[in-house]
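Everything on this sheet refers to the single structure shown next.
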Amino acid sequence: MISESELKKHLSSGQFKNCYLVFGEEKMLVKRAVEQIEKKLTGGNVNDFNYHVFGDGAQMNEISVSADIIPFMGGYNIVRINDMDIDKLRADDFDALMKILKSVPDTTVVIIAMPTLEVTSKTAKAQFKKLITYADKNGVCMELAHRTGLALERDLCKWANAGGCTMNELTAAMLIQYVGEDLNLLNTEMKKLTAYADGGEITREMVDLLVTKSTEASIYDLFGFIIAGNTDKAISAISALYYNGVSGMTICSVLSNAYLDAYRARVGSEAGKKTTEIAADFSYGRRDWVLNKALKQIRSVMTPALRRSLDAILDTQLRLVTEAVDERTEVEKLVCRLVLTAGDKSDE
């Protein structure tokens, strides 16, 4: 399989293949890669006579007829097959597809793309694996895996550059913290940020001002208000979460994760470990900044208070699923209890 940078070099060479297979977890990147291939093949001018699109359920004889067409006015005859569930094809249809790929004229390019179908090299079954093997050997095969950590931060910095702006990796990490790792959401927020920065640097202040926070980020903010003892802001944060349709169980679940981050950071620190080591022990990857932030937030909170807070969250979660209670009232009572617990300096 080839990488995105290798695809760019391949397309720049002009030595096109007759078969391209593009799939993977990052659907936005799948669509972008296919667009790049088609743009190079057509020069940006798609001729309807030379461009044929098929979806799942297409008849193999129709694909075969389109693949054999001689390009009108030169260029390439493009056959694009979107989201065909290869592993669910009947054996004879799969054989027919492979026969098409092996016998297309030199002027035909078949692009098999999965812009929405969930399939990876790990989840693929026998037929799709055979297609991967064929495309990798005889054409171009590209799997676009989920982006995380430093790779994702660098991608965002490149997007900023493409939009005529600059952004450092710390700001990119903050953006990911707010939005999550979904590339479609990140792309939307980056468009807002590059328009606002207008050729300048995208700063952390801009991210804080413009970016719509994910539910998780908003609940982590709630955690910060609780630890700081700011009951008014904590209750206001709960109101905003409920206004946006977030359930009490979700609030409790993410709050529990925030406290676990803090507890791991504290206990690991007390044991003389660096946050990078703690992050490795608990598979945080590049998210060790979460632990660093938690350590700063809980500087004045006792370790036993963190344990009692986790117990309190668990108690509330159990009540929400086993008793007929008013959910919002229970969550607000929990938050008030957590604020009091955070300020408790006792060792028990």
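The values are calculated or read from the model by the stated rules, or taken from the named source; none is laboratory data. Every value quoted in this text rests on a predicted model; they were computed, and no experiment measured them. Neighbour counts are summed over all protein chains in view; Cβ atoms, including those assigned to glycine, are modelled from backbone coordinates with ideal geometry. We work out accessible area using only protein heavy atoms, side chains counted, and drop any ligands, DNA or RNA first. Shrake-Rupley method; radii C 1.70, N 1.55, O 1.52, S 1.80 Å.
Among the candidates 72, 94, the residue that is touching a helix residue (DSSP H, G or I) at 6+ places or on another chain (Cβ under 7 Å), open to solvent by 70 Å² or more (accessible area, probe 1.4 Å) and not small (Gly, Ala, Ser) is uniquely 72.
Based on this model, can you work out whether residue 198 counts as on the phi > 0 side of the Ramachandran plot and of a type in the set (Asp, Glu)? Answer is yes for this residue.
Taken over segment 17-34, the residue count meeting the criterion of being over 22 Å from residue 154 (Cα atoms) and either in contact with a Ser or Thr (Cβ under 7 Å, 6 or more places away or on another chain) or open to solvent by 50 Å² or more (accessible area, probe 1.4 Å) (or both) is 2. Please verify whether segment 177-184 includes one or more residues that are open to solvent by less than 10 Å² (accessible area, probe 1.4 Å) and within 19 Å of residue 23 (Cβ to Cβ). Looking for residues that are open to solvent by less than 10 Å² (accessible area, probe 1.4 Å) and within 19 Å of residue 23 (Cβ to Cβ), one finds at least one in segment 177-184, hence yes.
The rows are residues; the columns are (1) closer than 30 Å to residue 146 by Cβ; (2) open to solvent by 40 Å² or more (accessible area, probe 1.4 Å).
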{"position": "242", "(1), (2)": "no, yes"}
{"position": "248", "(1), (2)": "yes, no"}
{"position": "264", "(1), (2)": "yes, yes"}
{"position": "299", "(1), (2)": "no, yes"}
{"position": "305", "(1), (2)": "no, no"}
{"position": "311", "(1), (2)": "no, yes"}
{"position": "315", "(1), (2)": "no, yes"}
{"position": "326", "(1), (2)": "no, yes"}
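Scanning segment 152-176 for residues that are open to solvent by less than 50 Å² (accessible area, probe 1.4 Å), out of contact with any Lys or Arg (no Cβ under 8 Å at 6 or more places or on another chain), without any contact (Cβ under 8 Å) to a residue 40 or more places away in the chain and of a type in the set (Gly, Ala, Ser) yields one hit, 164. It is to be established whether one or more residues within segment 107-120 are aliphatic (A, V, I, L, M), buried (at least 17 other Cβ atoms within 10 Å of the Cβ) and in a helix (DSSP H, G or I). No, because not a single residue in segment 107-120 is aliphatic (A, V, I, L, M), buried (at least 17 other Cβ atoms within 10 Å of the Cβ) and in a helix (DSSP H, G or I). For segment 108-129, give me each residue that is closer than 29 Å to residue 42 by Cβ, out of contact with any Ser or Thr (no Cβ under 9 Å at 6 or more places or on another chain) and at pLDDT 95 or above. Once the filter is applied, which keeps residues that are closer than 29 Å to residue 42 by Cβ, out of contact with any Ser or Thr (no Cβ under 9 Å at 6 or more places or on another chain) and at pLDDT 95 or above, segment 108-129 yields 109, 110, 111, 112, 113, 114.
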